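In what follows, a single structure is set out as structure tokens and then discussed.
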Amino acid sequence: MVVYRLKDAEALGVAAAEVSGLFGFGFGKEGIPVEFLRRAGGVKIDYRNGTLTVEASGRVQFLYALKLFADEYGGTGDFSCEQNANFDELTYMCDCSRNAVPKKGTLKKLIRHLAVMGYQTLGLYMEDTFVVKNQPYVGYLRTPYTREDIREIDEYCRLFGMELVPYIQTLAHFNTLVRDYALAHLFDFNDILMVGEESTYAFIEDLISTCADYFTTKKIHIGMDEAYMIGRGKYMDKHGARGRFDVMTEHLARVTEICKKYGFEKPMMWSDMFFSLSMSAQYGNEIPPEINGKMPKNVELVYWDYCSTDRNHYSEMMKKHRVFENRIGFATGAWKWLGYTPDNRYGFASCGESARACIENGIREYIVTGWGDNGAESSLFSVLPTMLYCARFNYGAFGLDDAFRKSFGSLAGMKFEDFMTIDLCNRVTRHEDVEEKTSSNKYLLFNDVLLGTLDTMATDDLGDILQECADRIGAAKRRSGQWKYVFETQYRLGRVLEIKSTIGIKLRNAYQKGDRKELAAQYLRLKMLPARIESFYRSLRAQWDAENRPNGFDVQDIRIGALKQRVAVAIKKVGDYLEGRTESVPELGEKLLCFMGHGEEFEKDFDQCEWRWRRMTSVNVNE
């Protein structure tokens, strides 16, 4: 560990004590003397005659430079390094709205890690997980953040020179509020607000004014994504059919006026709605220049795209965004929304190409999103490798080289190769094809043993593959240090999947062949599942309790409870049949059809990202 002695104690203030000893460097009276000089953009490190001089634009960059020196200095001689910044702003956005509401301690731990990586901004994505004045149903039973909570996290960010920014919604993605009768009048279609109504803008003003009160920043992200059915429900009944682009621009004008009223002069929004609505076949899938005049110039458009490893794809889309004269930002994804297991491997490929495209096209704001769709089951820290990988883009470092591995080792306190075993429950082949991004960890877990709708996706060797994966995770777990609770969850999940991934197939095949000996052998394996599922459940519960507030885990209780019950039913039915108490197991007698829609020709899709629990559990009514 490198020990530093700050010549100016105020250079880092309290932040020095918060990170000392955690990331390969610390502070003490006998350490290397360090002088902090201000410069615009990038960092410059110069170590001569036993003194270290760091030029950086702020505390985050200073901390990044101290970690960089600690990682790369060989311990003898002089050292010099200069890195220019590719981005004006580097942000990590934490999803706090998909059931997992991180504890304050969890967010502070995240902030420390982000700071030494060089992130300037932390975004909190909050649909209805903050207490909003005049709106008692917003945050109801969701363990939401209070003003005191946000102020505490905001202050902690500022210790490191970081900015805390609210990411909210002002049009759609209010699916948890649709169920509340008290708010039903606010909605047009599904989770989309009824625009043009004063009650809607009163609601939005409550959201925005609350953010102005809670946060010290003058930045806000107002969402507005994926509202493709805007104006097609009650709005159409009242106003008739209108062009969605016109409806959107009118709504955006009202929302930006509210933002301005509360000091948010330059709000950000996701670009997909304006981009898709303004492109059409009549324009040859190009954005006509006249569209530009309808977009408020003070709004930053954030182009989000997580699903490509083709730099040219990103580059072409960025060029099309340039039709708008607005500031353009870009958001990539740290892949943690596929269930209980992340996919850092795919994140490296997609983020790397998008970052190169940003640099080539002059996009100066890079946002890394950590979504948690359909339950936020993955640990918040499971994508730490992707976070670091993206942070290094800012200073031109691409690739998983020795420098990256060393930096990750000091960041996480464990070897990169060990940490990457966290991805393995999403491996369904022995291929090394990065395009194989799958949610197999989740769909193999919840695929019903008897109905087996997703059995058509599995290969014969899948159980062996997942057994090998579980063994590797178990070995890494012994070296995982502070992350042991995360690896315990993945290990226990792997032990479930090594049986469950193929048990339904084997039971069905034996039953339909009339092979009672094989059916009995598979029945014994089936009976091993309840204990393994219980061990996985307990480790998941411990992981959740370590990182998140309590509410939201009830969904896991419901889902895993249903899994346990269905496995129990399968054990009962197969057991009764083998013991002669029943004459058949009707479910196992049914012929399966391809999940991907190809009838009796089963497609083995190794790039399958079905993450929705309801769709993977049953074909029956479940609303």
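The values are calculated or read from the model by the stated rules, or taken from the named source; none is laboratory data. Remember, predicted model here, so these are calculated numbers, not experimental data. Cβ atoms come from the backbone with ideal geometry, glycine included; neighbour counts cover every protein chain shown. Heads up: the accessible areas ignore ligands, DNA and RNA and are worked out on the full protein's heavy atoms, side chains in. Shrake-Rupley method; radii C 1.70, N 1.55, O 1.52, S 1.80 Å.
A 1.4 Å probe run over the stretch 182-325, with the rest of the protein chains in place, finds 43 Å² accessible per residue. Using the 1.4 Å probe convention, the accessible area of the stretch 1-86 works out to 47 Å² per residue with neighbouring protein chains retained. Each of Y228 and E534 was given a label point 7 Å from its Cα along the Cα-to-Cβ line. The distance between the two points is 4.5 nm.
Farthest towards the positive end of the charge dipole of the chain, among the residues T582, A202, G352, is the Cα of T582, using unit charges on the Cβ of Lys, Arg, Asp and Glu. Spatially, the stretch 381-417 and the stretch 139-199 are offset by 32 Å when compared through their Cα centroids.
Computed from these coordinates, which is Kirkwood radius over Cα pairs in Å: (i) 26.3; (ii) 30.2; (iii) 28.5? Of the labelled values, this structure produces (i).
So if each residue of separation counts as 0.36 nm, and I subtract the Cα-Cα distance between R615 and Y140, what length gain in nm does that give?
Working: separation 475, 0.36 × 475 = 171.00 nm, distance 2.72 nm.
Full-extension gain reported as 168.3 nm.
Summing Lys and Arg as +1 and Asp and Glu as -1 over all other residues whose Cβ lies under 11 Å from the Cβ of Q467 gives a net charge of -3. In the complete set of protein chains, residue-level accessible area for K415 is approximately 140 Å², probe 1.4 angstrom. For the stretch 196-208, backbone phi angles converted through the Karplus equation (6.51, -1.76, 1.60; θ = phi - 60°) give residue-by-residue couplings of x, 9, 5, 5, 5, 6, 5, 5, 5, 5, 4, 4, 6 Hz, Gly and Pro being listed as x. Heavy atoms only, probe 1.4 Å: what % of the accessible area of the chain goes to carbon and sulfur, would you let me know? Ligands and nucleic acids excluded, carbon and sulfur give 49 percent. Database remark: amide H of Q608 closer than 5 angstrom to the amide H of S439 (H placed geometrically; neighbours at sequence offset of 5 or more, or on other chains; Pro and chain starts carry no H). Among the listed pairs K500/K564; K108/K336; K437/K604, those whose Cα-Cα separation exceeds 18 Å are K108/K336.
A simple packing score, the average count of other Cβ atoms within 10 Å per residue, orders the peptides 483-495, 264-276 as 483-495, 264-276, with the highest score first. Which one, G561, M528, S539, projects farthest toward the positive side of the charge dipole computed for the stretch 495-575 from Cβ point charges (K/R +1, D/E -1)? It is M528, whose Cα lies furthest towards the positive end.
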